[in-house]
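So the structure is just underneath, and the comments pick up after that.
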Amino acid sequence: MPIDLNQEEPQIRELRTRSVTGYDGTLKDITQQGCCGCLKNKKRCFTTGSYCTHLPAITSVLGLPDTLVVDHAPIGCCGVEMTFSGGYSMNEPFAPGEYRDNVRMFTSKLTESDTVFGGEEKLKEVVRGAFHRHHPKEIYIATSCTSSIIGEDVGAAAAEMTEELGIPVTVLGAAGMRSNLWSVGFEAHFHSVGKTRFRAPEKKTDTIVYAGFASVASEAVEPIFKKLGLDMAFLTAGSTKEDYEKACTARVSFGQCDVDASYILTYLEQEYGVKYFHLHQPNGGIGFERFMRDLGGYLGREKEAEEIIREEREKYREKIEELKPLLKGKTALVALGAGYAFEMVRMLKELGMEAVHAVSFHYDPLIDATEDRTARSPVADAEELGIDYPVTVNNAQEMENYLIVKKYKPDIVVTRAHGAGSWSAFTGVPCLDPGLGINIIGYRGLYLFADALASSFRNTAVFDALKARYVSPFTDEFEALPPHSFYAKAGEEGVPHKPYKKSGEEVLSWERIADSPARSSRE
């Protein structure tokens, strides 16, 4: 499906890539069902809280130099974004003597009155005030559930402000209710910024584009691509307008994962002929070798690619081998976004560890770049390497993840954000944030991952202390549930399980809640 940046907002992932958030089975089963087009989403009768499109969309734009964001939403919607103030100073390298200010974010602070009488004029006042205070080169107006529900014409307001202020004022589609996947916020970011910054190139250059969260550790990969005659351009949360213009001139591209990068890199291939490599991700040793052979073959530089592979393998071989005895026989549970869960399992297997389970926070049978359902990195692992293991797909369902950790009792949980690490720590299982993006590329990335795992096993004192003091807040009945007890059966969509209670405890049942006057009056 062609990507059209002229649209105000990107089409959601559920429609573009047929994403699912409910599944339990195995890697081979989910990839086979995805390839034949019969993968169905399992719905839940109970869902724990997560976060929405709003957060990743806005935080991805907040790091862009010389820009600011106006959040057209109630003030509560932007509260969490401000915790990222200054955070992108850590995500992008500094030039000598460079000072990076805090992120710049404003809110229209929609109220109940605004939902009745409209908040468009209020929005324009905030945009004007923000412009005269900071004089940015670009302004992004983030939509929200509230502004979308009341039908605010944010696009018209943005067009009027563009003409009045003389700078691009662009809609950022950040309404959380549009999708069950917060990852839609990543393509909302690239959609809006690309619309503002891309320009048709006058000529092509020997450049490779990397799209992801940040360019931290770029110095580790730039020399590798230099050996293939390629300079690097970065599309990240800290990129400049010049970076986007350089990306249009590139010959090839790849991303930190196809969840974050496939939308914008597919557009570059579609509009400017920048070849997007997505079948094999360059993470770990196996991923790196497959990726470099694909890239070298396309560029007609196979010999150079093989030499790079040999050099990188030898450079880190001894370091990795020294760590393998500390990891051999250890078990791990992975709980990560769809672009990384399967990559991490493959890297664990490279290190001699057993991945007992993988939780992917969603799964895309397709990616934007192609309708070929076999052109997916998880499919390549299952078919080319014969890898198989138990898989759960959920949109950060903490209660499910807690029960999964209890069921498999791994030696370590590899995860970041979304709560899985907290529950594993409480129960005495070490948890590790593996790092993302450039830090896990190639044999260097495999070594850093192995070193972090070994360090986690060397000292588990904090996890032992947490386990000794942990008192479960859950009932015995809940603790005994299988992990996937919350899937709704056919014909019972939306019907919740009855709550459980310990002996002698009185709790409200769903029947009593339904019969209560308060519930009836709300309905």
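The values are calculated or read from the model by the stated rules, or taken from the named source; none is laboratory data. Remember, it's a predicted structure, so these values are computed and weren't measured experimentally. Every residue, glycine as well, gets a Cβ built from its backbone with ideal geometry; the counts of neighbours run over all protein chains shown.
Descriptive notes on the structure:
- Of the numbered criteria (1) out of contact with any Ser or Thr (no Cβ under 9 Å at 6 or more places or on another chain); (2) surrounded by fewer than 23 Cβ atoms within 10 Å (Cβ to Cβ), the one E383 fails is (1).
- Residue selected from segment 378-425 under the condition touching a strand residue (DSSP E or B) at 6+ places or on another chain (Cβ under 6 Å) and of a type in the set (S, T, Y), by the criterion nearest to H362 (Cα to Cα): T392
- Condition check for A305: surrounded by 20 or more Cβ atoms within 10 Å (Cβ to Cβ) and in a strand (DSSP E or B): no
- Which numbered condition E245 misses (of (1) touching a Lys or Arg at 6+ places or on another chain (Cβ under 7 Å); (2) in contact (Cβ under 8 Å) with a residue 60 or more places away in the chain; (3) farther than 21 Å from L385 by Cβ): (2)
- Unmet requirement for A355, which otherwise passes all of (1) at pLDDT 95 or above; (2) touching a Gly at 6+ places or on another chain (Cβ under 9 Å): (2)
- In this structure, S218 does not qualify as under 15 Å from the mean Cα position of the chain (by Cα) and farther than 24 Å from K137 by Cα.
- Criterion violated by M90 - all others in (1) modelled with pLDDT of 85 or more; (2) surrounded by fewer than 16 Cβ atoms within 10 Å (Cβ to Cβ); (3) within 27 Å of G337 (Cα to Cα) satisfied: (1)
- Spans of helices (runs of 4 or more DSSP H) in segment 377-435 with at least 2 residues polar (S, T, N, Q) and within 18 Å of N459 (Cα to Cα): 420-426
- Looking only at segment 386-404, and only at residues there that are under 21 Å from the mean Cα position of the chain (by Cα) and charged (D, E, K, R), the one that is surrounded by the fewest Cβ atoms within 10 Å (Cβ to Cβ): E398
- Checking each residue in segment 260-289 for being assigned to a strand (DSSP E or B) and of a type outside the set (S, T, Y) picks out K275, N283.
- 1 or more residues farther than 30 Å from S360 by Cα and β-branched (V, I, T): qualifying strands (runs of 3 or more DSSP E) within segment 204-259: 207-211
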